[in-house]
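Have a look at the structure below, then the notes.
Nothing in this text is a laboratory measurement; each read-out follows from the coordinates by a stated rule. As the structure is a computational prediction, the values presented were derived from the model and not from experiment. With ideal geometry, Cβ positions are generated from the backbone for all residues, glycine too; neighbour counts draw on all protein chains shown.
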Amino acid sequence: MNSRGVALLGTALLVAGIAMLGLGSVFTPAITGSARPGWAATRTVGGSWSGAGMMGGGWAGPASAPGPGEAGFVAGTPANPRAVQIVATPQLRFLPDVVTVQAGETVTFEVTSMGPVAHEFMVGPATDVAADSAGTPEIANLGMMRTGSLTYTFSGPGPFSFACHAPGHYEAGMSGTIVLQ
Ligand SMILES: [Cu+2]
């Protein structure tokens, strides 16, 4: 797609985001189960869209639970996932863009699109994330100033990664690395 096409698409996504805000509806798609053998991911897409409270609410930035090697670290489990908060920026970056997880643990990513750009958040095996493979767990439409969550279990040896596949974003470098520990 050429740059003009990308710009038009961006505008369309922006309008869609405004429309979503206007509706003020609760959008809670849920995808469960594993489409492929040997892949034990837990998928919960778009569990909580809590856009309210972001603006003028004293939000102080990401405050994730302690990670591996940090004081107070408790490995996430399916019953009690560890929260990892990530901001998606208008500069097409994730903050942080490196997340350390313990092999096998279950993490709930809480991703906020900070600013007037819609993003996506895909996480899983690095090859699937790079290829935008169908069925890879993702928050598909993270409208501006919205927060979405996705719970994923890091089973297997990896490597794992995360990325945004909104048009042009991955190509611009909007991806991150999962460090298995
Ligand atoms: Cu993006």
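Side notes on the structure shown:
- Members of the stretch 147-175 that are within 11 Å of the ligand (Cβ to nearest atom) and surrounded by fewer than 20 Cβ atoms within 10 Å (Cβ to Cβ): PRO167, GLY168, TYR170, GLU171, ALA172, GLY173
- Restricting attention to the stretch 119-146, the residues being within 13 Å of the ligand (Cβ to nearest atom) and either part of a strand (DSSP E or B) or of a type in the set (Asp, Glu) (or both) number 10.
- Only listed residue being in a strand (DSSP E or B), out of contact with any helix residue (DSSP H, G or I) (no Cβ under 9 Å at 6 or more places or on another chain) and closer than 18 Å to SER64 by Cα, chosen from PHE109, PHE162: PHE109
- When PRO116 is tested against the conditions (1) within 11 Å of the ligand (Cβ to nearest atom); (2) of a type outside the set (S, T, N, Q); (3) in a loop (DSSP other than H, G, I, E, B), the lone failure is (1).
- Just so you know, in the stretch 112-128 the residues that are hydrophobic (A, V, I, L, M, F, W, C) and under 8 Å from the mean Cα position of the chain (by Cα) include one that is nearest to LEU180 (Cα to Cα), and it is VAL123.
- Restricting the stretch 76-92 to residues that are surrounded by 15 or more Cβ atoms within 10 Å (Cβ to Cβ) and of a type in the set (S, T, N, Q), the residue that is farthest from HIS119 (Cα to Cα) is GLN85.
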